1. Residue 10 versus (1) more than 24 Å from residue 147 (Cβ to Cβ); (2) in a strand (DSSP E or B); (3) free of Cβ contacts under 8 Å to residues at least 40 places away in the same chain: which is the lone unmet condition?
2. For the stretch 67-116, how many residues meet the condition of being within 25 Å of residue 30 (Cβ to Cβ) and part of a strand (DSSP E or B)?
3. (1) over 20 Å from residue 18 (Cβ atoms); (2) in contact (Cβ under 8 Å) with a residue 24 or more places away in the chain; (3) surrounded by 13 or more Cβ atoms within 10 Å (Cβ to Cβ): which one isn't true of residue 144, the others all being true?
4. Does at least one position in the stretch 80-88 carry a residue that is touching a residue at least 40 places away in the same chain (Cβ under 8 Å), more than 18 Å from residue 114 (Cα to Cα) and touching a strand residue (DSSP E or B) at 6+ places or on another chain (Cβ under 8 Å)?
5. From 124, 39, 112, grab the single residue that is farther than 26 Å from residue 174 by Cβ and either surrounded by 18 or more Cβ atoms within 10 Å (Cβ to Cβ) or at pLDDT below 95 (or both).
6. Does residue 83 satisfy being modelled with pLDDT of 95 or more, surrounded by 17 or more Cβ atoms within 10 Å (Cβ to Cβ) and outside the structural domain of residue 177 (by TED's automatic domain parsing)?
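The values are calculated or read from the model by the stated rules, or taken from the named source; none is laboratory data. Just so we're clear, the structure is a prediction, and the values are computed from it rather than from any experiment. Cβ coordinates were reconstructed from backbone atoms using ideal geometry, including for glycine residues, and neighbour counts include every protein chain displayed.
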């Protein structure tokens with residue numbers, strides 16, 4: 001696996017497949033990189049069909065939320081030279097990966113990745129921002145809440161929203177606004 005852009009633990013990235021972007025967590029365990037992709041998503045269908053995925057590193061919390069719940073315009077994507085695979089035009093770095101389906105269930109696909117190319121496009125040194133981290137947590141819970149409307153997930157979203165309000169800057173507050181707007185527009189949301 002190496003210690004490139006995708007290290008040990010779970011790396012929260014925006015995955016791109018052909019003209020598609022969605023946040024995913026890539027698990028780094030030992031020498032393996034893997035992810036669970038849920039059936040019914042464009043990401044899972046594209047990975048199974050085409051055998052590749054690009055893990056885009058971004059610091060923009062608004063983009064993270066927008067890609068969790070909607071599609072980006074085609075101008076948001078650029079091809080990686082020699083590979084032709086789509087990455088985000090605004091990515092600060094990326095890891096282009098071959099993808100191998102390891103196991104399938106009725107609900108999900110477990111995929112193993114091998115990095116074929118990675119690049120740091122913009123080197124920035126940013127401190128951890130609790131508001132940004134809370135946006136990511138709230139978004140992960142919201143994507144699950146969207147599937148099952150579990151009240152415990154709704155409480156977690158509210159908890160993380162309060163952290164964003166206390167600790168976030170303008171970008172995190174805008175991301176929270178987009179997230180809350182999406183949840184209000186979703187059928188059956190509280």
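1. Residue 10 satisfies every listed condition except (1).
2. Summing the residues that are within 25 Å of residue 30 (Cβ to Cβ) and part of a strand (DSSP E or B) in the stretch 67-116 gives 21.
3. (2)
4. Of the residues in the stretch 80-88, the ones touching a residue at least 40 places away in the same chain (Cβ under 8 Å) are 85-88.
Next, only the ones that are more than 18 Å from residue 114 (Cα to Cα) stay: 88.
Applying the additional criterion that residues be touching a strand residue (DSSP E or B) at 6+ places or on another chain (Cβ under 8 Å) yields 88.
Yes; the residues of the stretch 80-88 include at least one that is touching a residue at least 40 places away in the same chain (Cβ under 8 Å), more than 18 Å from residue 114 (Cα to Cα) and touching a strand residue (DSSP E or B) at 6+ places or on another chain (Cβ under 8 Å).
5. Working: 124 fails: farther than 26 Å from residue 174 by Cβ; 112 fails: either surrounded by 18 or more Cβ atoms within 10 Å (Cβ to Cβ) or at pLDDT below 95 (or both).
On inspection, the qualifying residue turns out to be 39.
6. On the way: modelled with pLDDT of 95 or more: yes; surrounded by 17 or more Cβ atoms within 10 Å (Cβ to Cβ): no; outside the structural domain of residue 177 (by TED's automatic domain parsing): yes.
No, not satisfied.
Matching residues to (1) assigned by TED's automatic domain parsing to the domain that holds residue 140; (2) part of a strand (DSSP E or B); (3) over 15 Å from residue 86 (Cα atoms):
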position	(1), (2), (3)
15	no, yes, no
22	no, yes, no
27	no, yes, yes
33	no, yes, yes
40	no, no, yes
43	no, no, no
46	no, no, no
59	no, no, yes
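Residues checked against (1) surrounded by fewer than 18 Cβ atoms within 10 Å (Cβ to Cβ); (2) in contact with a helix residue (DSSP H, G or I) (Cβ under 9 Å, 6 or more places away or on another chain); (3) at pLDDT 95 or above:
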residue	(1), (2), (3)
51	yes, no, yes
63	no, yes, yes
66	no, yes, yes
89	yes, yes, yes
98	yes, no, yes
